[in-house]
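Below is one structure, written out as structure tokens; the observations come after it.
The values are calculated or read from the model by the stated rules, or taken from the named source; none is laboratory data. Everything numeric in this text was worked out from a predicted model, so none of it was measured. For neighbour counting, all protein chains shown are included, and Cβ atoms are generated from backbone atoms with ideal geometry for every residue, glycine included. These area figures cover heavy atoms from the full protein model, side chains too; ligands, DNA and RNA do not enter into them. Shrake-Rupley method; radii C 1.70, N 1.55, O 1.52, S 1.80 Å.
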Amino acid sequence: RRSGQYTMNHDHSKKIPDGASFDRSGSQDSLDELSMDDYWKELENIHETRGSNHEEQVALVVKEPDEGELEEEWLKEAGLSNLFGESSGDSLESMVFLSTLTRTQKAAVEKRVETVTQTMRKKNKQHQIPDVRDIFRLQNDSKGKVCDGTEPSAVRTSENKNETHDGTKGPKFSLGTDEQKSLLEDIPSSDTDINLEISFAEQAANLKDSSVGKMYKGGGGDTLLPNFRLPKDKTGTTKIGDLAPQDMKKVYSLALIELTALYDILGTEFKQQKAVKIKTKDSGLFGVPLSLLLEQDQKKVPGTKIPLIFQKLIAQIEETTLETEGLLRIPGVATRVKGLCQELEAKFYEGTFNWENVKQHDAASLLKLFIRELPQPLLTVEYLKAFQDVQNLPTRRQQLQALNLLVILLPEANRDTLKVLLEFLQRVIDHQDKNKMTLKNVAMVMAPNLFTFHGFGSKAIEQSEFVMAAGTANVMRFMIQYQKLLWTIPKFIVNQVRKQNTESQKKEKKDKAVKKLLKKMAYDREKHEKQEKTPNDTDVPQGVIRVQAPHLSKVSMAIQLTEELKAGDIVARFLSQKSGNVQALKKEEVFLYEIGGNIGERCLDDDTYMKDLYQLNPNAEWVIKPKQS
């Protein structure tokens with residue numbers, strides 16, 4: 001029956017006059033029926049493959065939350081659960097956190113706290129229920145300046161001066177959509193800079209408030225996606241994976257609040273779905289939770305971050321050649337794919353599976369099957385809907401910003417697997433002259449595999465099917481096209497983390513000072529001060545940094561900072577000091593790290609200008625070491 005339903009829809013889509021059934025501006029592109037054909041065919045293939053073993057599929061129940069429950073969950077996720085409930089007294093750390101939020105981020109938190117508070121009052125949970133205004137009164141700046149999470153420095157002020165509460169005279173950054181070329185000073189029409197220095201929600205608020213905001217809808221019939229690019233940041237671009245776990249935790253909280261603030265400003269509902277736990281397979285390859293699969297794989301290959309079967313299927317497809325016409329679009333033979341699936345389950349880990357018999361289209365079908373059969377979607381139950389809703393945001397720039405934050409919010413295993421998938425899809429597209437698989441075709445074929453999740457039953461596909469199809473295919477296109485941008489942590493978030501760390505250290509120092517006073521009676525003060533002195537303070541003159549390299553033959557070096565000196569130059573200088581007894585490390589194996597001061601640990605990209613970074617974090621230590629896997 002279901003397969004028939006799809007055939008019916010597929011035929012129906014052909015009769016729809018071009019563009020009549022969905023708002024072209026919303027879907028960002030004239031995705032004509034011809035290209036939509038690939039989408040419907042893929043859906044039919046999926047249902048054929050599922051066919052016989054469909055009864056085994058357990059629908060994943062998505063729980064409808066009670067009033068206030070969503071918001072309470074959201075505050076917990078954002079690390080702010082101590083703003084309500086029994087532990088609401090213990091919110092010193094939250095105060096530090098809240099003091100670094102932007103105006104729009106604060107508004108998003110206030111809105112959720114307000115809902116939780118009202119719900120608690122209704123339920124008469126008379127814990128200590130704070131008044132929202134009290135929470136924020138502590139840090140409300142009398143000037144009403146927007147805190148964009150950046151360090152107070154001379155460079156900043158010119159930008160901040162322009163940031164007003166009503167947003168009428170917004171900061172100097174490229175506004176809005178692709179049509180507003182006149183506002184994008186000195187940028188060639190094909191290139192559009194993505195501003196990572198100012199909060200995305202603040203940019204949206206300024207755009208909305210200003211008259212330019214009236215030209216909101218992007219898109220039109222333009223099939224070329226804009227060439228978004230990252231402007232060079234002198235203090236270095238921070239990628240996911242460059243920061244230490246304790247700072248990544250803060251990045252996660254800030255990304256969640258920022259994404260919510262952005263959706264609030266743009267009038268799109270942001271709801272995290274909540275999955276009710278279901279019984280899943282606890283071993284095997286297909287239909288096994290990603291985390292469990294990795295646990296299983298790490299016993300075989302320590303440190304592996306991508307499921308071995310996933311890596312092997314991609315390698316198998318690439319081994320033949322990526323020039324095969326219709327690669328990913330032409331399905332393998334369903335019965336053969338099913339047989340291979342069972343055989344892999346039995347023999348993959350034993351190493352007795354014969355890969356020579358696997359045809360390329362079958363391997364591609366198995367790869368897609370693996371993604372679909374995950375008990376929870378690769379984009380997670382929590383955020384799948386938010387990924388889908390990206391298509392409803394007004395401009396392409398905002399869609400890209402939302403995707404950037406969503407990628408940060410994914411669990412590590414999902415994010416790493418998604419990255420490998422997107423990189424592979426890009427390699428397929430690189431051979432489009434031969435394989436006829438353009439960005440649009442690949443997006444069409446892959447969207448149903450990532451977005452139509454079997455666990456939600458067929459509801460996800462039935463609702464306004466045509467719009468949904470075009471929209472998710474567009475989100476898929478964005479993810480492939482802009483994957484390099486999506487794995488970047490926006491600078492304004494890194495700066496907010498630096499600010500939090502600085503504030504926390506100040507508080508710690510105060511606490512230490514009190515303890516020190518109490519110790520003073522017992523200790524000899526001079527002795528105490530001698531211990532406090534660190535050797536580094538004495539032997540490094542101003543404008544010089546001491547770089548440690550415990551893994552290299554030259555273990556330590558004092559480096560004079562100049563305007564042009566970059567992180568890559570320092571690494572190269574160390575590597576040129578060869579010595580026989582130390583194992584030679586290649587340039588791509590070691591990196592310069594910024595450690596301590598106002599950051600936990602950050603791996604620096606080679607183009608980081610050291611003097612600029614030193615001014616941003618003068619108390620850091622500098623260490624060259626291999627990147628942790």
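A few remarks follow.
- Nearest-10 value in Å² for the accessible area of Asp242, using the 1.4 Å probe: 10
- Between the range 591-629 and the range 379-417, the Cα center-to-center distance that results, in Å: 29
- Whole-number accessible area per residue in Å² for the range 540-628, which is evaluated in the context of all protein chains at 1.4 Å: 49
- Percent accessible area from carbon and sulfur atoms, the range 540-628, protein chains only, probe 1.4 Å: 49
- Over the range 348-463, the Kirkwood radius and the radius of gyration, each from Cα atoms, give a ratio Rg/Rh of 1.00.
- Built amide H within the under 5 Å cut-off of Thr192, gap 5+: Asn227, Phe228, Arg229
- Protection proxy ranking of 97-110, 196-209, by the mean of other Cβ atoms within 10 Å over each peptide's residues and highest first, is 196-209, 97-110.
- Pairs exceeding a 27 Å alpha-carbon distance, out of Lys279/Lys338; Lys123/Lys271; Lys111/Lys250; Lys249/Lys368; Lys499/Lys586: Lys249/Lys368; Lys499/Lys586.
- Trypsin sites (Lys or Arg not before Pro) lying in DSSP loop within the range 375-442, provided at most 15 other Cβ fall within 10 Å: Lys436
- Residue-wise HN-Hα coupling along the range 549-555, computed from phi with Karplus coefficients 6.51, -1.76, 1.60 (Hz; x: Gly, Pro): 9, x, 8, 10, 5, 8, 7
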